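The values are calculated or read from the model by the stated rules, or taken from the named source; none is laboratory data. In this text the structure is predicted, and so the values were computed from the model without any measurement. Here Cβ is always computed from backbone atoms with ideal geometry, including for glycine, and neighbour counts include all displayed protein chains. With ligands, DNA and RNA removed, areas are computed over all heavy atoms of the protein, side chains included. Shrake-Rupley method; radii C 1.70, N 1.55, O 1.52, S 1.80 Å.
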Amino acid sequence: MLDQNKINALSDTAIAPRGLLIDGQIKPSQSEQTLDVLSPIDGSHLTTIAAATKNDADLAVTAARQAFDDGRWRNMPPAERKKILLKWADLIEAEALELAVLGVRDNGTEISMAFKAECGSAAATIRYYAEAIDKLYGQIAPTAPEFLGLVHNEPIGVVAAIIPWNFPLMIAAWKLGPALAAGNSVVLKPSEMASLSLLRLGELGLQAGLPDGVLNVVTGKGIDVGEVLSHSMDVDVMVFTGSGATGRRLLEASARSNLKRCYLELGGKSANVVFADTKNLEQAATVSAAGIFRNSGQVCVAGSRLLVEQSIHDDFVAALAQAAAAMKVGNPLDITINSGAVNNAAQLAQNLKFVEIAQSEGATLYAGGKQLHKQTGGYYMEPTIITNVKKQDTLAQQEVFGPVLAVTTFQDEAEAIELANSTDFGLAGGLWTSDFSRAHRMTRAMRTGVVHVNTYGGADISVPMGSVKQSGNGHDKSLHAFDKYIDLKTAWFKL
Ligand code: NAD
């Protein structure tokens, strides 16, 4: 249970300027440059973070390389590595409220969601992979008797992980957990819009006993630090969550440098399909509203396209608008708030621009569409519903990453499938029906990494989160995530 008084006390404390974590040391950028951290809650100046330059990023990669090559982590007995990662998870859990408040002041996610989805999920994720360390076996191949084929699981080397601003702790943990459990070293690059909680996560890792150089955290602009990491000849694996535009640059950088493996988790334009035979339409409307409007729509899997069967369109959209109107949008540190702040001014301006474009293309502004709480100096936006969106419209095709829902109708199952698959994205989707056979047909037919059935959102660490089409490749979460961080080495013996 969240305690508002404790949150208020934590959010009143000043945040000290933060340095980089390189080779076990917290230090300023060699250039002494810093970036200002602005609060999305009221636009005020929160603190500064070090702005790493090429030299700093190179030092971090060298430290990670050294730590990998001398085996201080990968050759540590699995039970010891597991103990350190479990202690790290315990420390995250013990400091969950402090971490959540720090993160919310930086990125604007409502505290009720941040506490659970950020800190709770980060601790659970690190723990899940820690526990797997001494349960993963190599293999013996079924060869002819005069041979022996052993397949070893080997860590790959230096992993660079580049993280977005919407759920920094959760997404970083999805990458750090399996990368470190497999024995790799990591250079973590947080978003310049949400670095504070990840710097603290790194410090807790040191406290838990991660050897120097095994986890490095370099903050700074993508165009500076990110580009150095993506072009580095000493990074073996690049794991990224963020926009498609940046993902493309990373693939190019890989091709221009050392062909490092690149795993991308990108954007989405996920369809939430509601059939007239849905058992409880009111509940579907409430869950669907949360599925697009929580965290101000800054959720990669947000159900940002509502595809609704024509016969229930009017009633369903009215119920959804009612659910949206009941959501409280405001200061994300208030425990009663359902949707916090938009992360930054540019994102808010972009959200509002999408509303304008949609109307100019003939769609109807049904609800919302405006900035909220302007007088606070922070960035807030009304949950926005736009109807009569055609499948080729900008709003049906491009990711907003804000609280803007595009509504389109369909006549039958075939048209629902056609519309659901009519974007370049393939991240997530939702499906509401009481027809069991239809649910199976639809989940197979929707070209996405995940389909939520009779719900929207949620899952746990035991299931993979992947994507198809231009939403990326590879999987975070579950034991499948190890595939990105483990090489299979064959030892072939003639007996
Ligand atoms: P972004 O691509 O702008 O930034 C992501 C990260 O990349 C940041 O750390 C940034 O500093 C870095 N970066 C920027 N330019 C770079 C460059 N040239 N080289 C290397 N790194 C660079 O994305 P964002 O605005 O932080 O996040 C929003 C996007 O992330 C949305 O598209 C959203 O859908 C996506 N996202 C996807 C998932 C998923 O799991 N698929 C999860 C969350 C967010």
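Given the conditions (1) of a type in the set (A, V, I, L, M, F, W, C); (2) farther than 30 Å from residue 136 by Cβ; (3) open to solvent by 30 Å² or more (accessible area, probe 1.4 Å), report the number of the one that residue 463 does not fulfil.
(2)
Is the range 83-96 home to any residue that is closer than 30 Å to residue 292 by Cβ and in contact with a Gly (Cβ under 7 Å, 6 or more places away or on another chain)?
yes
Could you give me the residue pairs with C-beta distances under 7 Å whose first residue belongs to the range 44-71 and is part of a helix (DSSP H, G or I), whose second residue is basic (Lys, Arg) wherever it lies, and which are 6+ apart or on separate chains?
68/74
Hey, among the residues in the range 241-260 that are near the ligand (Cβ under 7 Å from one of its atoms) and not in a helix (DSSP H, G or I), which one's most open to solvent (accessible area, probe 1.4 Å)?
Among those that are near the ligand (Cβ under 7 Å from one of its atoms) and not in a helix (DSSP H, G or I), it is 243.
Kindly provide the set of residues from the range 447-460 that are buried (at least 20 other Cβ atoms within 10 Å of the Cβ) and either touching a His at 6+ places or on another chain (Cβ under 9 Å) or farther than 21 Å from residue 283 by Cβ (or both), ordered by number.
Across the range 447-460, the qualifying residues are 448, 449.
Could you list, in sequence order, all residues of the range 261-294 that are open to solvent by less than 10 Å² (accessible area, probe 1.4 Å) and part of a helix (DSSP H, G or I)?
Those that are open to solvent by less than 10 Å² (accessible area, probe 1.4 Å) and part of a helix (DSSP H, G or I): 284, 285, 288, 289, 292, 293.
May I ask you to list the residues in the range 155-170 that are out of contact with any strand residue (DSSP E or B) (no Cβ under 6 Å at 6 or more places or on another chain) and part of a strand (DSSP E or B)?
155
Check whether at least one residue in the range 84-105 is buried (at least 22 other Cβ atoms within 10 Å of the Cβ), assigned to a loop (DSSP other than H, G, I, E, B) and of a type outside the set (A, V, I, L, M, F, W, C), and report yes or no.
Checking the range 84-105: not a single residue is buried (at least 22 other Cβ atoms within 10 Å of the Cβ), assigned to a loop (DSSP other than H, G, I, E, B) and of a type outside the set (A, V, I, L, M, F, W, C).
Give all pairs with beta carbons closer than 6 Å in which a residue from the range 471-493 that is over 13 Å from residue 459 (Cβ atoms) meets a residue that is part of a loop (DSSP other than H, G, I, E, B) and modelled with pLDDT under 95; count only pairs at least 6 apart in sequence or on separate chains.
The qualifying pairs are 484/474.
Taking the range 124-161 as the region of interest, how many residues are of a type in the set (A, V, I, L, M) and crowded, with 24+ Cβ neighbours inside 10 Å?
Initially, the range 124-161 is screened for residues of a type in the set (A, V, I, L, M), giving 124, 126, 130, 132-133, 136, 140-141, 144, 148, 150-151, 156, 158-161.
Keeping just the survivors that are crowded, with 24+ Cβ neighbours inside 10 Å gives 126, 158-161.
Counting residues in the range 124-161 that are of a type in the set (A, V, I, L, M) and crowded, with 24+ Cβ neighbours inside 10 Å gives 5.
Looking at the structure I just gave you, is residue 415 crowded, with 16+ Cβ neighbours inside 10 Å and either closer than 24 Å to residue 470 by Cα or out of contact with any Ser or Thr (no Cβ under 6 Å at 6 or more places or on another chain) (or both)? Lay out the reasoning, then the answer.
Working: crowded, with 16+ Cβ neighbours inside 10 Å: yes; either closer than 24 Å to residue 470 by Cα or out of contact with any Ser or Thr (no Cβ under 6 Å at 6 or more places or on another chain) (or both): yes.
In short, yes.
Would you confirm whether any residue within the range 358-380 is open to solvent by 10 Å² or more (accessible area, probe 1.4 Å), within 16 Å of the ligand (Cβ to nearest atom), part of a helix (DSSP H, G or I) and in the same structural domain as residue 297 (by TED's automatic domain parsing)?
Within the range 358-380 (the criterion being open to solvent by 10 Å² or more (accessible area, probe 1.4 Å), within 16 Å of the ligand (Cβ to nearest atom), part of a helix (DSSP H, G or I) and in the same structural domain as residue 297 (by TED's automatic domain parsing)), the answer is no, since none of the residues qualifies.
Which residues, taken from the range 381-405, are in contact (Cβ under 8 Å) with a residue 60 or more places away in the chain, within 22 Å of residue 329 (Cβ to Cβ) and either among the polar types (S, T, N, Q) or in a helix (DSSP H, G or I) (or both)?
Answer for the range 381-405, where residues must be in contact (Cβ under 8 Å) with a residue 60 or more places away in the chain, within 22 Å of residue 329 (Cβ to Cβ) and either among the polar types (S, T, N, Q) or in a helix (DSSP H, G or I) (or both): just 387.
Name the residue that is farthest from the ligand (Cβ to nearest atom), counting only residues in the range 446-476 that are of a type in the set (A, V, I, L, M) and within 11 Å of residue 429 (Cα to Cα). First the steps, then the outcome.
Narrowing the range 446-476 to residues of a type in the set (A, V, I, L, M): 446, 450-451, 453, 459, 461, 463, 465, 468.
Still in the running and within 11 Å of residue 429 (Cα to Cα): 446, 450-451, 453.
On the way: 446: 16, 450: 10, 451: 15, 453: 20 Å.
Looking at residues that are of a type in the set (A, V, I, L, M) and within 11 Å of residue 429 (Cα to Cα), I get 453.
Among the candidates 299, 342, 308, 317, which residue alone is in contact (Cβ under 8 Å) with a residue 60 or more places away in the chain, under 18 Å from residue 272 (Cα atoms), of a type in the set (A, V, I, L, M) and assigned to a loop (DSSP other than H, G, I, E, B)? Quick ask: steps written out before the conclusion?
Details: 342 fails: under 18 Å from residue 272 (Cα atoms); 308 fails: assigned to a loop (DSSP other than H, G, I, E, B); 317 fails: assigned to a loop (DSSP other than H, G, I, E, B).
Residue meeting the stated conditions: 299.
So which pairs qualify, if the first residue must be in the range 219-237 and in the same structural domain as residue 484 (by TED's automatic domain parsing), the second must be open to solvent by 20 Å² or more (accessible area, probe 1.4 Å) and within 9 Å of the ligand (Cβ to nearest atom), the Cβ gap must be under 8 Å, and the two must be at least 6 apart or on different chains?
Note: pairs meeting the criteria are 219/192; 220/192; 221/192; 222/192; 222/246; 226/246; 227/249; 230/249.
With the structure loaded, tell me whether residue 443 is surrounded by 17 or more Cβ atoms within 10 Å (Cβ to Cβ), of a type in the set (Ser, Thr, Tyr) and not in a loop (DSSP other than H, G, I, E, B) or whether it fails that test. Spell out the reasoning first.
On the way: surrounded by 17 or more Cβ atoms within 10 Å (Cβ to Cβ): no; of a type in the set (Ser, Thr, Tyr): yes; not in a loop (DSSP other than H, G, I, E, B): yes.
Criteria not met by residue 443.
If I ask for residues that are within 16 Å of the ligand (Cβ to nearest atom) and small (Gly, Ala, Ser), which ones from the range 205-238 would you list?
Within the range 205-238, 220, 222, 226, 230, 232 meet the criteria.
Would you point out the residue of the range 332-357, among those that are surrounded by 21 or more Cβ atoms within 10 Å (Cβ to Cβ) and β-branched (Val, Ile, Thr), that is farthest from residue 305 (Cα to Cα)?
Going through the qualifying residues, I end up with 342.
Kindly list, by first and then second residue, each pair from a residue in the range 242-267 that is within 20 Å of residue 170 (Cα to Cα) and touching a residue at least 12 places away in the same chain (Cβ under 8 Å) to a residue that is acidic (Asp, Glu) and near the ligand (Cβ under 7 Å from one of its atoms), limited to pairs with Cβ atoms under 6 Å and residues at least 6 apart or on different chains.
What qualifies is 267/399.
Could you tell me whether residue 431 is under 30 Å from residue 178 (Cβ atoms), open to solvent by less than 40 Å² (accessible area, probe 1.4 Å) and not hydroxyl-bearing (Ser, Thr, Tyr)?
It is true that residue 431 is under 30 Å from residue 178 (Cβ atoms), open to solvent by less than 40 Å² (accessible area, probe 1.4 Å) and not hydroxyl-bearing (Ser, Thr, Tyr).
So, in the range 171-204, exactly how many residues are within 15 Å of the ligand (Cβ to nearest atom), over 17 Å from residue 17 (Cα atoms) and not in a helix (DSSP H, G or I)?
4
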